[in-house]
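Working notes for the structure below.
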Amino acid sequence: SALKMRLWAIMSENFAVKVPCCESDRGTVFRFKLLILVVVVWISISSASILVLLSNASAEACAFWRLLLSSLILYALRLRESGNVYFWKIKWYHVIAGFSLAFHFIFWMRSLFIIPVYISTLLVTMYPLYSLLGEILFLHYRPPRVQVIGLVLSVVLLALYLNVENLVLNEGVILALL
(Lines give C-alpha, C1' and ligand atoms only; values in the text may rest on other atoms or scores of the structure.)
Protein backbone atom coordinates (compact mmCIF):
# COMPACT_ATOMS: atom_id res chain seq x y z
CA SER A 1 0.00 0.00 0.00
CA ALA A 2 2.84 2.40 0.80
CA LEU A 3 4.53 1.49 -2.47
CA LYS A 4 1.32 2.18 -4.39
CA MET A 5 0.98 5.55 -2.67
CA ARG A 6 4.59 6.44 -3.51
CA LEU A 7 4.14 5.40 -7.16
CA TRP A 8 0.95 7.47 -7.33
CA ALA A 9 2.85 10.47 -5.89
CA ILE A 10 5.67 10.07 -8.43
CA MET A 11 3.21 9.73 -11.32
CA SER A 12 1.24 12.74 -10.11
CA GLU A 13 4.35 14.90 -9.81
CA ASN A 14 5.73 13.94 -13.21
CA PHE A 15 2.55 14.10 -15.25
CA ALA A 16 0.52 16.69 -13.44
CA VAL A 17 -0.04 20.17 -14.73
CA LYS A 18 -2.24 22.20 -12.49
CA VAL A 19 -5.47 23.22 -14.16
CA PRO A 20 -6.06 26.87 -13.28
CA CYS A 21 -9.82 26.53 -12.83
CA CYS A 22 -9.61 23.52 -10.56
CA GLU A 23 -8.23 22.71 -7.18
CA SER A 24 -4.78 21.19 -7.30
CA ASP A 25 -5.91 17.63 -6.46
CA ARG A 26 -8.71 17.71 -9.04
CA GLY A 27 -6.31 19.11 -11.64
CA THR A 28 -3.82 16.34 -10.90
CA VAL A 29 -6.47 13.64 -11.24
CA PHE A 30 -7.73 15.23 -14.45
CA ARG A 31 -4.23 15.29 -15.92
CA PHE A 32 -3.57 11.68 -14.90
CA LYS A 33 -6.87 10.54 -16.49
CA LEU A 34 -5.94 12.47 -19.61
CA LEU A 35 -2.56 10.73 -19.71
CA ILE A 36 -4.23 7.32 -19.42
CA LEU A 37 -6.66 8.26 -22.20
CA VAL A 38 -3.82 9.37 -24.49
CA VAL A 39 -1.95 6.10 -23.90
CA VAL A 40 -5.07 4.03 -24.61
CA VAL A 41 -5.78 5.97 -27.81
CA TRP A 42 -2.16 5.73 -28.91
CA ILE A 43 -2.07 1.95 -28.39
CA SER A 44 -5.47 1.50 -30.04
CA ILE A 45 -4.58 3.45 -33.17
CA SER A 46 -1.05 2.12 -33.55
CA SER A 47 -2.13 -1.50 -33.16
CA ALA A 48 -5.15 -1.30 -35.50
CA SER A 49 -3.34 -2.47 -38.63
CA ILE A 50 -1.69 -5.38 -36.84
CA LEU A 51 -4.98 -6.47 -35.27
CA VAL A 52 -6.70 -6.37 -38.66
CA LEU A 53 -4.04 -8.66 -40.12
CA LEU A 54 -4.03 -11.00 -37.14
CA SER A 55 -7.82 -11.29 -37.14
CA ASN A 56 -7.74 -12.75 -40.65
CA ALA A 57 -11.27 -11.39 -41.11
CA SER A 58 -12.47 -9.48 -44.12
CA ALA A 59 -11.87 -5.74 -44.29
CA GLU A 60 -15.62 -5.13 -44.26
CA ALA A 61 -16.08 -7.11 -41.04
CA CYS A 62 -13.18 -5.34 -39.32
CA ALA A 63 -14.49 -1.92 -40.38
CA PHE A 64 -18.00 -2.81 -39.20
CA TRP A 65 -16.84 -3.89 -35.75
CA ARG A 66 -14.48 -0.94 -35.37
CA LEU A 67 -17.23 1.55 -36.19
CA LEU A 68 -19.88 -0.26 -34.15
CA LEU A 69 -17.73 -0.42 -31.03
CA SER A 70 -16.62 3.20 -31.45
CA SER A 71 -20.23 4.34 -31.91
CA LEU A 72 -21.36 2.49 -28.80
CA ILE A 73 -18.53 3.97 -26.75
CA LEU A 74 -19.31 7.49 -27.99
CA TYR A 75 -23.02 6.92 -27.36
CA ALA A 76 -22.31 5.81 -23.78
CA LEU A 77 -20.02 8.78 -23.16
CA ARG A 78 -22.61 11.21 -24.51
CA LEU A 79 -25.34 9.57 -22.45
CA ARG A 80 -23.18 9.77 -19.34
CA GLU A 81 -22.31 13.40 -20.01
CA SER A 82 -25.74 14.84 -20.75
CA GLY A 83 -28.21 12.11 -19.84
CA ASN A 84 -29.77 12.00 -23.30
CA VAL A 85 -28.92 11.61 -26.95
CA TYR A 86 -31.03 13.30 -29.59
CA PHE A 87 -31.08 11.27 -32.80
CA TRP A 88 -33.21 13.84 -34.60
CA LYS A 89 -30.28 16.26 -34.43
CA ILE A 90 -28.37 14.08 -36.89
CA LYS A 91 -27.91 16.00 -40.15
CA TRP A 92 -27.42 14.67 -43.67
CA TYR A 93 -23.73 15.57 -43.63
CA HIS A 94 -23.24 13.47 -40.47
CA VAL A 95 -24.52 10.45 -42.38
CA ILE A 96 -22.28 11.20 -45.37
CA ALA A 97 -19.27 11.59 -43.04
CA GLY A 98 -20.10 8.25 -41.41
CA PHE A 99 -20.32 6.46 -44.74
CA SER A 100 -17.10 8.13 -45.91
CA LEU A 101 -15.31 6.94 -42.78
CA ALA A 102 -16.68 3.43 -43.27
CA PHE A 103 -15.44 3.29 -46.87
CA HIS A 104 -12.10 4.77 -45.83
CA PHE A 105 -11.67 1.99 -43.24
CA ILE A 106 -12.71 -0.71 -45.72
CA PHE A 107 -10.30 0.51 -48.41
CA TRP A 108 -7.41 0.91 -45.98
CA MET A 109 -8.00 -2.46 -44.33
CA ARG A 110 -8.11 -4.16 -47.72
CA SER A 111 -4.80 -2.54 -48.62
CA LEU A 112 -3.22 -4.12 -45.54
CA PHE A 113 -3.64 -7.56 -47.11
CA ILE A 114 -2.03 -6.45 -50.39
CA ILE A 115 0.95 -4.27 -49.49
CA PRO A 116 3.24 -4.16 -46.43
CA VAL A 117 1.76 -2.59 -43.30
CA TYR A 118 4.31 0.21 -43.06
CA ILE A 119 3.64 1.38 -46.63
CA SER A 120 -0.12 1.24 -46.16
CA THR A 121 0.10 3.13 -42.87
CA LEU A 122 2.37 5.82 -44.30
CA LEU A 123 0.09 6.34 -47.29
CA VAL A 124 -3.12 6.41 -45.27
CA THR A 125 -1.73 9.03 -42.90
CA MET A 126 -1.26 11.44 -45.78
CA TYR A 127 -4.87 12.63 -45.42
CA PRO A 128 -3.82 16.19 -44.43
CA LEU A 129 -2.26 16.40 -47.88
CA TYR A 130 -5.59 15.52 -49.52
CA SER A 131 -7.44 17.89 -47.24
CA LEU A 132 -5.13 20.77 -48.11
CA LEU A 133 -5.33 20.02 -51.83
CA GLY A 134 -9.14 19.92 -51.60
CA GLU A 135 -9.21 23.26 -49.80
CA ILE A 136 -6.94 24.81 -52.42
CA LEU A 137 -8.90 23.43 -55.39
CA PHE A 138 -12.49 23.74 -54.18
CA LEU A 139 -12.45 26.47 -51.54
CA HIS A 140 -9.77 28.65 -53.19
CA TYR A 141 -7.72 28.59 -50.00
CA ARG A 142 -4.34 30.28 -50.14
CA PRO A 143 -2.08 28.38 -47.74
CA PRO A 144 0.71 30.18 -45.90
CA ARG A 145 4.25 29.62 -47.14
CA VAL A 146 5.08 27.41 -44.14
CA GLN A 147 2.19 25.09 -45.01
CA VAL A 148 3.33 24.81 -48.64
CA ILE A 149 6.88 24.03 -47.51
CA GLY A 150 5.53 21.37 -45.14
CA LEU A 151 3.41 19.88 -47.93
CA VAL A 152 6.33 19.68 -50.36
CA LEU A 153 8.68 18.29 -47.71
CA SER A 154 6.22 15.61 -46.63
CA VAL A 155 5.75 14.37 -50.19
CA VAL A 156 9.49 14.44 -50.97
CA LEU A 157 10.44 12.69 -47.72
CA LEU A 158 7.71 10.08 -48.18
CA ALA A 159 8.96 9.38 -51.71
CA LEU A 160 12.54 9.07 -50.45
CA TYR A 161 11.57 6.84 -47.54
CA LEU A 162 9.46 4.50 -49.66
CA ASN A 163 12.06 4.42 -52.43
CA VAL A 164 9.56 5.63 -54.98
CA GLU A 165 10.99 3.80 -57.96
CA ASN A 166 10.15 0.51 -56.22
CA LEU A 167 6.66 1.70 -55.30
CA VAL A 168 4.39 0.74 -58.14
CA LEU A 169 0.81 1.87 -58.39
CA ASN A 170 -0.98 -1.37 -57.59
CA GLU A 171 -4.36 -2.04 -56.06
CA GLY A 172 -3.02 -1.91 -52.47
CA VAL A 173 -1.44 1.52 -52.95
CA ILE A 174 -4.60 2.93 -54.53
CA LEU A 175 -6.77 1.52 -51.73
CA ALA A 176 -4.44 2.99 -49.09
CA LEU A 177 -4.63 6.40 -50.78
CA LEU A 178 -8.46 6.43 -50.82
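The values are calculated or read from the model by the stated rules, or taken from the named source; none is laboratory data. The model shown is predicted, which means the values in this text are computed figures rather than measured ones. Please note: Cβ atoms are built from the backbone with ideal geometry, for glycine as well, and neighbour counts cover all protein chains shown. Areas reflect the complete protein model, heavy atoms only, side chains present, ligands, DNA and RNA absent. Shrake-Rupley method; radii C 1.70, N 1.55, O 1.52, S 1.80 Å.
At 0.36 nm per residue, and after removing the present C-alpha to C-alpha distance, how many nm does the segment from SER71 to ILE114 gain when stretched out fully?
Taking 0.36 nm per residue and subtracting the Cα distance, the gain is 12.7 nm.
Using a probe radius of 1.4 Å on heavy atoms only, what accessible surface per residue do you get for the stretch 28-102? Whole Å² is fine.
That works out to 80 Å² per residue.
How many nm is it between the label spots at LEU178 and ILE50, if each spot is 7 Å from the Cα in line with the beta carbon?
2.8 nm
Relative to the present Cα-Cα distance, how much length would full extension add between TRP42 and VAL29 at 0.36 nm per residue of separation?
Full extension of this stretch gives 2.7 nm more.
Using alpha-carbon pairs under 8 Å, 6+ residues apart, how would you state the relative contact order of the stretch 55-178 in percent?
About 37 percent, as a whole number.
Run the quick spin-label model on VAL148 and LEU162: label points 7 Å from Cα toward the beta carbon, then report their separation in nm to one decimal.
In this crude spin-label approximation the distance works out to 2.4 nm.
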